[in-house]
Amino acid sequence: MPPGASAPRKQAAGGRNGAESPVYAFLEKPSLIDYPGCLCGVFFVSGCNFSCGFCHNASLMGAKQKGIPWSRLEEVCRKFKNEWVDAVCITGGEPTLAADLIKLIEFFRGFGFKIKLDTNGGSPEFLKKCLPLVDYVAMDIKAGLSGYSELTGFKDTGKIRESIQLIMDSGKEYEFRTTVIESVHTDEQMHEIGELIQGVKRYVLQAFVPQDTLPGTEFRALKRTRPERLRQLEKLMAPCADEIIVRGA
Ligand code: SF4
């Protein structure tokens, strides 16, 4: 999930018991910011193949955890339908690691929701299967490829490039986004990112917000991204994408 997004709180199972869904937690209130132009429910899948020290959801890192029952998920979706929710965002963790993600997408589709998938791009093989089933994809670009391993612990950067291409070719609505940490995202790193995403429709720059609970202690004392740095990068990255969006400036 993108650092800075609303953090999940594990929900009590409630309702009838039932088989376990891949959803670990959800936001009780619908969100106006997680799906452009839609009121959406936000659902978190646990487990991640990256180990970003700046992750705002350390509880979702590492191995997959027990999910809430499908029956509880059904209750939540019915409630959201009554509240005029028209979309869902499946985020994590890294949702594409969940073996039953496709079942989850079909489940949400059964309620008529539009579907947005958040991904770190580390599993293009599975992403390829999901893309035809979703409406919108948001992929994090953590750094230039030379910086991925150090920042995220993920070394197979060919997969990042592959996921970018898959999304660009998918015909779906999409965005690529970078959470800007000033000491990490130097102009040099941003030029590398620019080469990676050249020609994309939408690229989002978002502010890094420090927290005492970040898993990497070295990130806790860093400052929030300055608005002037985000505006600088908006200009720097302008030639790379049709549209640049700045969030948190
Ligand atoms: S990709 Fe990084 S920031 Fe996102 S959930 Fe995994 S560890 Fe956290």
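Looking only at the range 218-238, how many residues end up being touching a strand residue (DSSP E or B) at 6+ places or on another chain (Cβ under 7 Å), part of a helix (DSSP H, G or I) and surrounded by 15 or more Cβ atoms within 10 Å (Cβ to Cβ)?
Number satisfying all stated conditions: 5.
Here are 42, 76, 85: which of them is modelled with pLDDT of 95 or more and within 15 Å of the chain's Cα centre (by Cα)?
On the way: 76 fails: within 15 Å of the chain's Cα centre (by Cα); 85 fails: within 15 Å of the chain's Cα centre (by Cα).
Step by step, each of 42, 76, 85 is checked, and only 42 is modelled with pLDDT of 95 or more and within 15 Å of the chain's Cα centre (by Cα).
Looking at 211, 165, 189, which one is in a loop (DSSP other than H, G, I, E, B) and not charged (D, E, K, R)? Please lay out each step first, then the result.
Values: 165 fails: in a loop (DSSP other than H, G, I, E, B); 189 fails: in a loop (DSSP other than H, G, I, E, B).
Unique residue meeting the criteria: 211.
Quick one: residue 99 ticks every box in (1) more than 10 Å from the ligand (Cβ to nearest atom); (2) among the hydrophobic types (A, V, I, L, M, F, W, C); (3) surrounded by 21 or more Cβ atoms within 10 Å (Cβ to Cβ) except a single one, so which number is it?
(3)
Go through (1) within 13 Å of residue 21 (Cα to Cα); (2) crowded, with 21+ Cβ neighbours inside 10 Å for residue 93 and report which single condition fails.
(1)
Let me confirm something: among 137, 88, which residue is crowded, with 20+ Cβ neighbours inside 10 Å, touching a Cys at 6+ places or on another chain (Cβ under 7 Å) and aliphatic (A, V, I, L, M)?
Numbers: 137 fails: touching a Cys at 6+ places or on another chain (Cβ under 7 Å).
One residue alone meets the criteria, 88.
Looking at the range 27-69, which of its residues are surrounded by fewer than 22 Cβ atoms within 10 Å (Cβ to Cβ), under 19 Å from residue 114 (Cα atoms) and more than 16 Å from the ligand (Cβ to nearest atom)?
Hits for the range 27-69 are 28, 29, 30, 31, 32, 33, 36, 37, 38, 39.
Mind listing just one residue for me: the one in the range 122-152 that is among the small types (Gly, Ala, Ser) and more than 21 Å from residue 206 (Cβ to Cβ) and, of those, nearest to the chain's Cα centre (by Cα)? Don't jump to the end; show me each part of the working.
Let us first name the residues in the range 122-152 that are among the small types (Gly, Ala, Ser), namely 122-123, 138, 143-144, 146-147, 149.
When the remaining residues are screened for being more than 21 Å from residue 206 (Cβ to Cβ), the result is 123, 146, 149.
Working: 123: 13, 146: 21, 149: 19 Å.
Applying the filter and picking the extreme gives 123.
Answer yes or no as to whether residue 127 is farther than 18 Å from residue 173 by Cα, within 15 Å of the ligand (Cβ to nearest atom) and in a helix (DSSP H, G or I). Outline the logic, then answer.
Values: farther than 18 Å from residue 173 by Cα: no; within 15 Å of the ligand (Cβ to nearest atom): yes; in a helix (DSSP H, G or I): yes.
Taking the combined requirement at face value, the residue does not satisfy it.
Just name the residue that is nearest to the ligand (Cβ to nearest atom) out of those in the range 130-165 that are of a type in the set (A, V, I, L, M) and closer than 20 Å to residue 183 by Cβ. Before you say what the answer is, go through the steps one by one.
Of the residues in the range 130-165, the ones of a type in the set (A, V, I, L, M) are 131, 133-134, 137-139, 141, 143, 145, 151, 160, 164.
Filter once more, keeping what is closer than 20 Å to residue 183 by Cβ: 141, 143, 145, 151.
Working: 141: 11, 143: 11, 145: 15, 151: 9 Å.
So the residue we want is 151.
Among the listed residues 171, 153, 158, 194, which satisfies the condition of being surrounded by fewer than 16 Cβ atoms within 10 Å (Cβ to Cβ) and in contact with a Cys (Cβ under 8 Å, 6 or more places away or on another chain)? Steps first, answer last, please.
Values: 171 fails: in contact with a Cys (Cβ under 8 Å, 6 or more places away or on another chain); 158 fails: in contact with a Cys (Cβ under 8 Å, 6 or more places away or on another chain); 194 fails: surrounded by fewer than 16 Cβ atoms within 10 Å (Cβ to Cβ).
153 is the lone residue from the list that is surrounded by fewer than 16 Cβ atoms within 10 Å (Cβ to Cβ) and in contact with a Cys (Cβ under 8 Å, 6 or more places away or on another chain).
Taking only pairs six or more apart or across chains, which ones have beta-carbon atoms under 9 Å, a first residue in the range 73-87 that is over 13 Å from residue 112 (Cα atoms), and a second residue that is surrounded by 13 or more Cβ atoms within 10 Å (Cβ to Cβ) and hydroxyl-bearing (Ser, Thr, Tyr)?
73/21
The values are calculated or read from the model by the stated rules, or taken from the named source; none is laboratory data. Just so it is clear, the structure is predicted and the values come from calculations on it, not from any experiment. With ideal geometry, Cβ positions are generated from the backbone for all residues, glycine too; neighbour counts draw on all protein chains shown.
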